1. Taking C:Gly27 and the conditions (1) in contact with a Phe, Trp or Tyr (Cβ under 8 Å, 6 or more places away or on another chain); (2) open to solvent by 10 Å² or more (accessible area, probe 1.4 Å), which numbered condition does it fall short on, given that it satisfies the others?
2. Just give me the residues in the stretch C:256-266 being more than 17 Å from the chain's Cα centre (by Cα) and closer than 18 Å to C:Cys294 by Cα, in sequence order.
3. Identify the single condition in (1) within 19 Å of the chain's Cα centre (by Cα); (2) within 14 Å of another protein chain (Cβ to nearest Cβ); (3) assigned to a loop (DSSP other than H, G, I, E, B); (4) not hydrophobic (A, V, I, L, M, F, W, C) that A:Gly298 does not satisfy, given that it satisfies every other one.
4. Take the conditions of a type in the set (Lys, Arg), open to solvent by 60 Å² or more (accessible area, probe 1.4 Å) and in contact with a strand residue (DSSP E or B) (Cβ under 9 Å, 6 or more places away or on another chain) and apply them to C:Lys272. Does it pass?
5. Does the stretch A:102-129 hold any residues that are assigned to a helix (DSSP H, G or I), open to solvent by less than 20 Å² (accessible area, probe 1.4 Å) and out of contact with any Leu (no Cβ under 8 Å at 6 or more places or on another chain), and which are they?
6. Would a scan of the stretch C:37-44 turn up a residue that is under 24 Å from C:Leu254 (Cβ atoms), open to solvent by 60 Å² or more (accessible area, probe 1.4 Å) and either modelled with pLDDT under 90 or among the hydroxyl-bearing types (Ser, Thr, Tyr) (or both)?
7. Among the residues of the stretch A:269-292, are any farther than 30 Å from A:Leu116 by Cα, away from chain B (no Cβ under 14 Å), crowded, with 19+ Cβ neighbours inside 10 Å and at pLDDT 85 or above?
8. Within the stretch A:243-255, is there a residue that is in contact (Cβ under 8 Å) with a residue 24 or more places away in the chain and more than 10 Å from chain C (Cβ to nearest Cβ)?
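The values are calculated or read from the model by the stated rules, or taken from the named source; none is laboratory data. These numbers were taken from a predicted model, which means no experiment stands behind them. Counting neighbours? That spans all protein chains shown, and the Cβs are built from the backbone with ideal geometry, glycine included. To get the accessible areas, we keep the full protein, side chains included, count just its heavy atoms, and leave off ligands, DNA and RNA. Shrake-Rupley method; radii C 1.70, N 1.55, O 1.52, S 1.80 Å.
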Amino acid sequence: MDFPPGDFLILGCVCPLVIVTPEVSMGRYVIRRILQAIPLLLLVSIFMFALIHLMPGGPDQVIFNPHLSAAARAQMRVRFGLDDPVPIQYLKWLRNALTGDFGFSFTTNLPVLTVLGQRFPATLELFGSALIFALIFAILLGVVAGVRQRSITDYTLTTVSYFGISMPVFLFALFGQYIFAVALHWLPASGITSVGYTLAPFDAFVDGVWHLILPMMVLSILFIAAWSRYLRSTMIDVVKQDYMRTARAKGVSPLGVLMRHAMRNALIPLVTVVTLDFGSIAGGAVITETIFSWPGMGQLFYQSLEARDYPILLAMLTLSAFFVVAFNLLADILYGVLDPRIRYA
Amino acid sequence: MDVSEQLSLSSFDEEIEPFLAETSELVQKRRSQGRIIFDRFMRNYTAVGGAAFLILLFIFCFVGPYIWHVNPNTVNVLHVKETLANPSLTHPFGTDDVGRDQLARAMAGGQVSLIVGLLSMLIGIGIGTLIGALAGFYGGWIDNVLMRITDVVLAVPLYLLLFVLSAAFSDGKPQTVILIIAFFSWTYAARLIRGEFLALKEREFVMAARTIGANNFRLMFRHILPNAAGPIIVNATLLVGANIITESVLSYFGFGVQPPNASWGTMIATGDSFFDVDPWLVFISGLLIFATVLSFNLMGDGLRDALDPYMTER
Amino acid sequence: MGEYLLEVQDLKTYFKVKAGRVRAVDGVSFSVRSGERVGLVGESGCGKSVTALSIMRLLPKPAGEQAGGSILFEDEDLLSMPESNMRQIRGGKIGMIFQDPMTCLNPTMTVGKQISEALRIHLKLSNEGAKARAISLLDQVGIPAAHERISSFPHQFSGGMRQRVMIAMALACNPKLLVADEPTTALDVTVQAQILELINGVCHDFGTAVIMITHDLGVVAGMTDRVVVMYAGKVMETAPTEEIFANPLHPYTLGLLASVPRLDAVRQEQLKTIEGAPPDLLKPPPGCPFMPRCAFARAICKTMPPLTAVSGSMQHQKACWIDVTDPSQQAYAERRRQARAASQQAALAAFAETTTQSGDQATVPDDAEHAEKEG
C-alpha cells in the first residue's frame, strides 16, 4: 500500500485554517470548533498508537506463540504489518480506521467494530439509565437544597455528595453487592441476565431490570454527588439575584418563581456539566462493569487488557477520545444555544 | 414647662456636646492575613474534624508500628483457626486468609497509600504549576502548544489510559505507581494555574515589579505565584484524596501496587475473595480509604472557603 | 375607602444580624392619596428602600422582620394579610420598579414573556391577549418597533430602554400605586430626564399614585407633589414640595437644601456639608437621631420629638423641638458651629503633631471630628 502525499497536503492545509477562520456567528463557531477538534483527535490517536507499540510486551511479542517456527513468525509479522516502521504502521492504521476498519481482534479474530458493536448496547443500557436516574435525583436534591439551605434536604445532599466523591466506585460496588445481593438477597449480584434460562419475554424483561438496578445505582452515585452539589451552588447564586425579587414583586407565586425564573437560569450551567459527563460513555464504566460482570464495553476493555488484545484497545481508546471531544463540543454548543446572552451576543 | 421655656432657661455653657464620652474604638486591631484565614478555617467544624482525623491517621500509620510490634508480613498458616479471624484482642483488626495481622497491615498499607497519594500530588502539582505558569505568563504559541498537549491528555478517559499504562509499565512497586498517577494529575492544575496567571499578569503589581527590573522568572515565581497560591492549595488537597482513590483502584485490579508491597487497595483485593466469609477484611481497609479521602475533601473545602475573599458570612 | 390610598402608620422594620437587630425603619408614618406623587427623600441608609420593600412585603428572609406598625392600603392592613392575598396585590394593585434594570430582569426570558407573566396572573389574559397588550405597553413606554422587540432579551436593550421595560411591567395591570425605588440612579443623566417624564406622563394618564424614592433633590423638585424627609429610619419632616423648598423647618432639611451647590454661589466658596455621619442603626442613641450632627441641638433633643403639624399649615409636619426660624436659635446654632470648627482645627493640629513626632501609622479616620460625635 502506498500513500499519496496528497492526503497529507489536504490535512496540512486544513489545520492552519483553524486559526484563521474568524468567529462571527454560531455556525462559524461550530465549524471552527470542529476543525480544531480534528487535529486534536489525530494527536490523540498518534499518542495512543505510540504508547501501545512502544510498551514492553507490545504487539510484537504478544501474538507470538513460542511454538511457532521462525518462518511462521515471519508470516505473522507480514500479516499484521509489523515489519513496517511504526509511523507507517500508524498511517496504515489511520487510513483504515477512517473507513471504519479497525482491524481484527487478536483473541476472537472478529472485526473490531463488530466486537464493539456487540458490547455497546449493554453499556448504553447501563450508562443511559444511570444518567437519567442521576439527573432526576440530582435536580430534585440540588434544587431543594439550594432553595432551602440548612434544611434536612440540604444536609442529606451534603452527606450524600461527600460520600459519593470520597468513596472509590469499586468500593461502592463491593459494598452494594454485599449488602443487597449477599446479605439481603434482594438483588442479583452480577450479570445482565440470569444465566442458563430461556425466559418468557415479560419475565426476561423483569429479570433484566433486577439485574440492572444494582450496577445502575452504583454508577449513578458519583454523578448524583457531583451534579447535585453543582446545582445547589448554582441555585444559591440564582436565588440571590435581583430578578427574583422583581418576579415576586409582580405577584408570581413561589412555585412560579422557582420554576420559571430560578430553574431556567440554574439548569443551563448544569446542562454543560451533564453533557461533558455523558461524553465518557465510550470509556464505559470499566470498573462497575467488571465488578458486576456486565457484558459491556468497559468489561471488554478490561478483558482485552488482560489478553493484550491491542487492536481492540487501540480502537477503544481512540473512540472514547472521539466521544469525549465530540461531547465537549456539544456542551459548548448547547450552552451557546440555551443562554440567550451568548446566542445573541 | 413647655419646650420654648426649657430652651430659654438653658444657657450656652450648659449645653454640652452630646455623647462626647462615647468615642468608639477607632483604631482596629489588625490581624495578619494568615491569622484571618486560619480563624476562618477553624470556624468550619467539619474541616477541622477532617484535619484532626488526618493528623491522627498519620500518627497511626507512621508512629503506630513502633507501638504495635507485630510484623505485617508474618504468615500464620499452621493455625487455621487464626486465619480469617474476626477482630479480637490479639488482632484488633482481625487476620486475613494467611493469618497476617490486619492492624499491622493497615498501618503498613496506610504508609504506602498516603505516601503514594502525597508524592504523586506533589509531582503532579509541580508539573502542572510549571506548565500552567509558562502557558499563562507567556501566552501566544507557547500557550497554544501547552494547552494542546493538555487537551490530548485530557481527551482520553482517565481510567482507560491508567489501566493501559499500568498494565504496561507497572512492576508492583509504589514508585512506579507514583509516577503513573502523577502523569495524569497535572492537567487540572495546569488549567487552573494558567487561568490564574492570565488574570494576574495584567495587574499593576506585575508592572511595578517589571519596572524595577525583575526578570520573567522572578516575576512568575516570586510575584505572581504567591498570589495564585489559594486555588493551588485547595486543588492540591483535593488531589491527594483523588490520587489515593486512584491508587486503590489500580491496586485492586492488580495494576498498581502488588504483593508483597501492601497498600489499602491490595488489602481489599485480597479480602474480596473472602467477602462472604470474612467481610471485615474489605470493610476495614475500605473504611480507612473512605475516611481518609473524606477528610482530605472536607479539609480542601474548608480551605477553599477560608481562602475565598468573597465568602459572605453564613 | 378613606381619604388616603395608602397609610403607613408607625412602621417598624428590623433586621436580625449576628450582633443584634438593625433598626432600619423605626417608626415611620406618612400617607399617600389617590393619584398623588409623594417623594421619599434621604441619604443612603436612612431606610427609604426598606420602607418600600415593607410596603410590598418583599423583605429578605430570614433576616428581615416586621416589628410593628401597620400599612393600610385601601383600608386593609397589608401587614396582617395572608400571603396569597398579598400576592394579588403585588403587581396587580401595587407595582414596583427597582434601581438597576440590568440585574432586575431575567436574562433568559424574553421581555414579552416577562410582561405577559404579570398580565396572565392578574388580568387572566390568554397568551395572545397578553402578548397584544404587552406590545401596546412597550409602545406606550416609548420603545420603537415594539412588535419586534417583544421577543428580545434584556441584554439586547440599553439601560434606559430596560428601565422603560420595567415600567411597562410594573404598570401592566394598571395598579393604583407605583413604588419607584431610585429608578434613575443607575442611568445616564440624559436618560434620567426621559424616564422621569415617562413615569410622570403614564401615571398622570392612568391616575396612578407614585411613591418616588430618591436621594436626588432635583428629582423631587420636578416630580412630586409632597415630600417626606427621612433620616436614620425616622421621618424628619413632611410637606408639599413647594412648601418644603421654600420653607424648610427641620435642621436636617435645612442641611440637605444647603448642601446642594448653587450656580449663583460665590466662586471658590467652600461647599457646605452636614458634618458627621449617620448613626449606627444597631444601637441607635435615644432621642432624635440627628442630634449628634445638629447645630441646633439642645438637651431636650434627647427625647425623640413627635411629628407635629407646623402652626399655620396642617400639611406641613416636622419632628423637631426647635423653631429654626427663631433668630435666637439661629444665633445659638451659629455659635455652636464656630465652636465646633475651632475644636476641629485644634484636634487636627494635635493629630498632625503626634504623627510627625512618632512616625506611627495608627489607623485614625481622616475626619477627626468623628471622635467627637460618635456614639
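1. (1)
2. Result: C:Ala258, C:Ser259, C:Val260.
3. A:Gly298 satisfies all of (1) within 19 Å of the chain's Cα centre (by Cα); (2) within 14 Å of another protein chain (Cβ to nearest Cβ); (3) assigned to a loop (DSSP other than H, G, I, E, B); (4) not hydrophobic (A, V, I, L, M, F, W, C) except (3).
4. No, not satisfied.
5. Result: A:Val112, A:Ala122, A:Thr123, A:Gly128.
6. Yes - at least one qualifying residue is present in the stretch C:37-44.
7. Yes - at least one qualifying residue is present in the stretch A:269-292.
8. no
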